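A.B. asks: First the structure, which I've put down as structure tokens, then a few questions once you've had a look.
The values are calculated or read from the model by the stated rules, or taken from the named source; none is laboratory data. Note that the structure is a prediction, hence the values are computed from the model and not measured. Glycine gets a Cβ as well: all are built from the backbone with ideal geometry, and neighbour counts include every protein chain shown. With ligands, DNA and RNA removed, areas are computed over all heavy atoms of the protein, side chains included. Shrake-Rupley method; radii C 1.70, N 1.55, O 1.52, S 1.80 Å.
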Amino acid sequence: MASVFCVANQKGGVGKTTTCVNLAAALAAVGQRVLLVDLDPQGNATMGSGVDKRALTPSVYQVLLGIAELAQARRRSAKAGYDVLGANRELAGAEVELVDQERREHRLKRVLREVDADYDFVLIDTPPALGLLTLNALCAARGVIVPMQCEYFALEGLSDLVNTVRQVHAKLNPELVLIGLLRVMFDPRITLQQQVSEQLKTHFGDKVFDSVIPRNVRLAEAPSYGLPGVVFDKSSRGAQAYLEFAREMVRRVAEPEVAA
Ligand code: ADP
Ligand code: MG
């Protein structure tokens, strides 16, 4: 049975997509069978996995609307080592088109059941909003990974997200837990970042992942080659940090709290 996780944060540019593609590639590198689901109409995770979003029919959009099968829509990213259910601009229409459909928040969960036996991990990248697409991700997942930069306003946005996760847990998906906060683009030379990092640990305790992802230009360069940083330059500090994070995720998945 696949463990389904979503990477969420309603802010844009905080490292969701980078985390999703690199965690997918790092898990694949240690022998896990991975499906990455791109739920952002920008299609950055799709392109960053080496799959051309312009040549996608069907995409995740048709799968969510029930007019294509996931098994036909997924693509293999040979270089990255995992499968991709890709997205492009069409997906923006789904927010509206799903609104009057029954059990609209549970669409993704239902289609993922078809391929449950094929994967150890399913990772869902989400758009920078707490709309119906992100809601579908939260309903399909057992855990949420929240990448964040250690900046002053980061803490402010976090309470909205934590509230949303609580509500989804209470009303729609009792399995859902916040697995953890991942500090990304971290620069230890910046005092404010150290301070925010300490505050996070005080408030959230062991919900803060031990792994920390440094700011590293190789991670930012990799998408233009259609590769996750972990594949593009495995020895870089950023790639090494994501590989360590993947090992931490595998350990946490085995823990009873998450398994329950
Ligand atoms: P989101 O999906 O939350 O919008 P992205 O993953 O696309 O965020 O990241 C935003 C930008 O920051 C991208 O240009 C990405 O390449 C860059 N970036 C992300 N993580 C890092 C990092 N650890 N070091 C350097 N650049 C990063
Ligand atoms: Mg993104």
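A.B. asks: Considering only residues that are exposed (fewer than 14 other Cβ atoms within 10 Å of the Cβ) and in contact (Cβ under 8 Å) with a residue 12 or more places away in the chain, which ones fall in segment 99-110?
C.D. replies: Of everything in segment 99-110, just one residue is exposed (fewer than 14 other Cβ atoms within 10 Å of the Cβ) and in contact (Cβ under 8 Å) with a residue 12 or more places away in the chain, namely 99.
A.B. asks: Here's another thing I want to ask about it. Between a residue in segment 81-98 that is farther than 11 Å from residue 40 by Cβ and any residue that is of a type in the set (Gly, Ala, Ser) and open to solvent by 10 Å² or more (accessible area, probe 1.4 Å), which pairs come within a Cβ distance under 8 Å, given they are 6 or more apart or on different chains?
C.D. replies: Every condition considered, the pairs that remain are 81/28; 81/29; 82/28; 95/131.
A.B. asks: If you check every pair at least six apart or on different chains, which have Cβ atoms under 8 Å apart with a residue in segment 214-229 that is in contact (Cβ under 8 Å) with a residue 12 or more places away in the chain first and a residue that is near ligand 1 (Cβ under 9 Å from one of its atoms) and assigned to a loop (DSSP other than H, G, I, E, B) second?
C.D. replies: 222/48; 223/48; 226/48; 227/48; 228/48; 229/216
A.B. asks: Only residues that are within 16 Å of ligand 2 (Cβ to nearest atom), outside any helix (DSSP H, G or I) and either within 21 Å of residue 239 (Cβ to Cβ) or open to solvent by less than 40 Å² (accessible area, probe 1.4 Å) (or both): list them for segment 11-49, please. Can you show your working first?
C.D. replies: First, the residues of segment 11-49 that are within 16 Å of ligand 2 (Cβ to nearest atom): 11-25, 36-49.
Those still in the list that are outside any helix (DSSP H, G or I) too: 11-15, 36-43, 48-49.
If the condition is that a residue be within 16 Å of ligand 2 (Cβ to nearest atom), outside any helix (DSSP H, G or I) and either within 21 Å of residue 239 (Cβ to Cβ) or open to solvent by less than 40 Å² (accessible area, probe 1.4 Å) (or both), then 13, 14, 15, 36, 37, 38, 39, 40, 41, 43, 48, 49 are the ones that fit.
A.B. asks: Take residue 58 and tell me if it is within 14 Å of ligand 1 (Cβ to nearest atom), open to solvent by 10 Å² or more (accessible area, probe 1.4 Å) and over 24 Å from residue 183 (Cβ atoms).
C.D. replies: The answer is no for residue 58.
A.B. asks: Then there is this: Return the residue satisfying two criteria in turn: it lies in segment 1-10 and is outside any strand (DSSP E or B) and at pLDDT 90 or above, and of such residues it is most open to solvent (accessible area, probe 1.4 Å). I'd like the intermediate steps shown before the answer.
C.D. replies: Step one: filter segment 1-10 for residues outside any strand (DSSP E or B), giving 1-2, 8-10.
Adding the requirement that they be at pLDDT 90 or above leaves 2, 8-10.
Details: 2: 10, 8: 1, 9: 15, 10: 40 Å².
Looking at residues that are outside any strand (DSSP E or B) and at pLDDT 90 or above, I get 10.
A.B. asks: Report yes if some residue within segment 32-45 is more than 11 Å from ligand 1 (Cβ to nearest atom), of a type in the set (D, E, K, R) and over 12 Å from the mean Cα position of the chain (by Cα); otherwise report no.
C.D. replies: yes
A.B. asks: Mind checking which residues of segment 72-89 are at pLDDT below 95 and open to solvent by less than 80 Å² (accessible area, probe 1.4 Å)?
C.D. replies: 77, 80
A.B. asks: If residue 127 satisfies all but one of (1) open to solvent by less than 40 Å² (accessible area, probe 1.4 Å); (2) assigned to a helix (DSSP H, G or I); (3) of a type outside the set (S, T, N, Q), what's the number of the condition it fails?
C.D. replies: For residue 127, the exception is condition (2).
A.B. asks: Looking at 234, 201, which is the one that is within 16 Å of ligand 1 (Cβ to nearest atom) and either among the basic types (Lys, Arg) or modelled with pLDDT under 95 (or both)? Don't jump to the end; show me each part of the working.
C.D. replies: Numbers: 201 fails: within 16 Å of ligand 1 (Cβ to nearest atom).
Exactly one residue qualifies, and that residue is 234.
A.B. asks: Name the single residue that is nearest to ligand 1 (Cβ to nearest atom) among those in segment 210-229 being farther than 26 Å from residue 194 by Cβ and open to solvent by less than 20 Å² (accessible area, probe 1.4 Å).
C.D. replies: Going residue by residue through segment 210-229, those that are farther than 26 Å from residue 194 by Cβ are 221-228.
Adding the requirement that they be open to solvent by less than 20 Å² (accessible area, probe 1.4 Å) leaves 222, 226, 228.
Working: 222: 8, 226: 13, 228: 11 Å.
The selected residue is 222.
A.B. asks: If you don't mind, there's one more thing I want to ask. Can you pull out every residue in segment 174-187 that is free of Cβ contacts under 8 Å to residues at least 60 places away in the same chain, surrounded by 12 or more Cβ atoms within 10 Å (Cβ to Cβ) and not hydrophobic (A, V, I, L, M, F, W, C)? Break it down into steps so the answer makes sense when it comes.
C.D. replies: In the first step, residues of segment 174-187 are kept if they are free of Cβ contacts under 8 Å to residues at least 60 places away in the same chain; the result is 174-176, 178, 181, 183, 186-187.
Subset that is surrounded by 12 or more Cβ atoms within 10 Å (Cβ to Cβ): 175-176, 178, 181, 183, 186-187.
Within segment 174-187, 175, 183, 187 meet the criteria.
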